[in-house]
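Read the structure below first, then the notes.
The values are calculated or read from the model by the stated rules, or taken from the named source; none is laboratory data. Everything quoted here is computed from the prediction, not taken from an experiment. Cβ placement follows ideal geometry from the backbone for every residue including glycine, while neighbour counts extend to all protein chains displayed.
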Amino acid sequence: MNPFKANPAPATESSAWDPLYVAELISSGRLGEIAIASDAAANDDADASSRIERRRARRARNARRRGGWLGLFAALVLSFVALPAAAQVPDPGMEIDLQRTAVLITDPQNDFLSPDGVTWGVVGKNVTENGTVKHIEQLMKAAKKQGMPLFISPHYYYPHDHQWKFEGALEALMHGIGMFDRKGPVNVDGLEGSGADWLERYKPLIEDGETIVTSPHKVYGPETNDLVLQLRKRGIDKIILGGMSANLCTESHMRELIEQGFEVAVVTDATAAAQVPEGDGYQAALINFRFIANATWTTREAVRAIRAAR
C-alpha cells in the first residue's frame, strides 16, 4: 500500500476490515479472502465488498468464540501492516557523537540576516518570526562550548562570476542586486560591513581561529566548494545544519550531504527563506527537510542534544 495516497475511509462496523474478522481469516489460513478485502477497501469494489459482507457476520462470531493467541497475534500484526491507516513519514533521528558530529551554518552573512541586507525585504519577516539570527548564534555557541567543530559554508561572488553566460532565476537576481559581492578571492577591500561580511554578532565565533570556513559555494549546494573534503578529512559524518536560505543553500547542502552518505539533522528555526507572492520558500523547505533529513529539530532540541553528547 502506498502510504502517500489518499487514505481510505476508516473502518466501520460494515467495513471488510473488521479486525476480528480479518484475524479469523488469518488464523484459519484463508489469506485469499484478505486479498479480496484489500481490493474492496482500496478500490471501492462493490461486488467484492458484498461477498465479504455475507461472510463477515458468521466468521466474526467464530473468531470471537475461538479467540486464542493466534487470532490475537493476527489482529496485532494487521494493525501495523494491513489495516488502512494514516500515512506516516518515519523519523529515524540522529544520535550525536562528539567525535563525528559538526555544526554547519550556511551563509551567515549580512545580505540575508541584516535589515540592511539586499534581501531583507523578502526574508526579513521570516527571519524575525523564526528568531533565526538568535538561533544560529545559539547553535554556534553550543558547538563551541562542547568542543564540537563549527563549519561555515559562505557565499561569495567575484567580478569574474558576473561574466557567466547563463543563469537560473535567482542567480540572475543575486547578480543583479550585487548580493554577496566581493572584489576578489584574495582581496578583502570593502568586505568589512558589506553584504558579504559576517553578521557582526557572529564574528567572535567565526573568527576565533578554530572555525572551519570553507571555500565559497557559487550557486546553492556544496558541490562547488571543499566542504565535503574538509568534513571527511576530520572524520565527520553527522551534521547539525542551520543557516540561510532555507529552500536554497540550506536545503541544497542537506540534499548533497545526504547523497554523500552523511547523516543530517536540520534545525528548522535556525533558518528562514523568502516569502513572495509566487511562493513561501520556508514552507517549501520544511516539507523537504522532513522528507529527506534524518531529523528535524528546533534550536532548543539541538542545543539540548549537543550539551548531552559524549
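Laid out as a table, the results:
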| quantity | calculated |
| --- | --- |
| Residues that are in a loop (DSSP other than H, G, I, E, B) and of a type in the set (D, E, K, R), drawn from region 214-251 | LYS218, ASP226, ARG234, ASP237 |
| Selection count, region 111-123, where residues are under 25 Å from the mean Cα position of the chain (by Cα) and in a helix (DSSP H, G or I) | 6 |
| Unique match (being part of a helix (DSSP H, G or I), at pLDDT below 90 and not polar (S, T, N, Q)) among MET174, MET254, MET179 | MET174 |
| Subset of region 157-171 [out of contact with any strand residue (DSSP E or B) (no Cβ under 8 Å at 6 or more places or on another chain) and either among the hydroxyl-bearing types (Ser, Thr, Tyr) or assigned to a loop (DSSP other than H, G, I, E, B) (or both)] | TRP164, LYS165, PHE166, GLU167, GLY168 |
| Meets criteria (at pLDDT 95 or above, buried (at least 19 other Cβ atoms within 10 Å of the Cβ), in the same structural domain as ILE258 (by TED's automatic domain parsing) and among the hydroxyl-bearing types (Ser, Thr, Tyr)) for TYR157 | no |
| Long-range neighbours under 7 Å by Cβ, at least six apart or interchain, first residue in the same structural domain as GLY281 (by TED's automatic domain parsing) within region 167-180, second surrounded by fewer than 17 Cβ atoms within 10 Å (Cβ to Cβ) and acidic (Asp, Glu) | HIS175/GLU167 |
| Pairs with Cβ under 8 Å, 6+ apart, first in region 217-233 and in contact (Cβ under 8 Å) with a residue 12 or more places away in the chain and assigned by TED's automatic domain parsing to the domain that holds GLY281, second hydroxyl-bearing (Ser, Thr, Tyr) and surrounded by fewer than 17 Cβ atoms within 10 Å (Cβ to Cβ) | HIS217/THR224; LYS218/THR224; ASN225/SER215; ASP226/SER215 |
| Filter result for the condition that a residue is within 15 Å of LEU170 (Cβ to Cβ), touching a residue at least 12 places away in the same chain (Cβ under 8 Å) and among the charged types (D, E, K, R), over GLU278, GLU251, GLU263 | GLU251 |
| Output for region 178-205, where each listed residue is closer than 14 Å to HIS155 by Cβ and surrounded by 14 or more Cβ atoms within 10 Å (Cβ to Cβ) | GLY178, MET179, PHE180, ASP181, ARG182, LEU191, SER194, GLY195, ALA196, ASP197, TRP198, LEU199 |
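The rows are residues; the columns are (1) closer than 21 Å to LYS144 by Cβ; (2) crowded, with 23+ Cβ neighbours inside 10 Å.
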{"site": "MET244", "(1), (2)": "yes, yes"}
{"site": "ARG255", "(1), (2)": "no, no"}
{"site": "VAL266", "(1), (2)": "yes, yes"}
{"site": "THR271", "(1), (2)": "yes, yes"}
{"site": "ALA274", "(1), (2)": "no, yes"}
{"site": "ALA285", "(1), (2)": "no, no"}
{"site": "THR296", "(1), (2)": "no, no"}
{"site": "ARG307", "(1), (2)": "yes, no"}
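To keep it simple, each residue is scored yes or no on (1) out of contact with any helix residue (DSSP H, G or I) (no Cβ under 8 Å at 6 or more places or on another chain); (2) assigned to a loop (DSSP other than H, G, I, E, B); (3) of a type outside the set (Val, Ile, Thr).
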| residue | (1), (2), (3) |
| --- | --- |
| VAL264 | no, no, no |
| ASP269 | no, yes, yes |
| ALA273 | no, yes, yes |
| LEU286 | no, no, yes |
| THR296 | no, no, no |
| GLU301 | yes, no, yes |
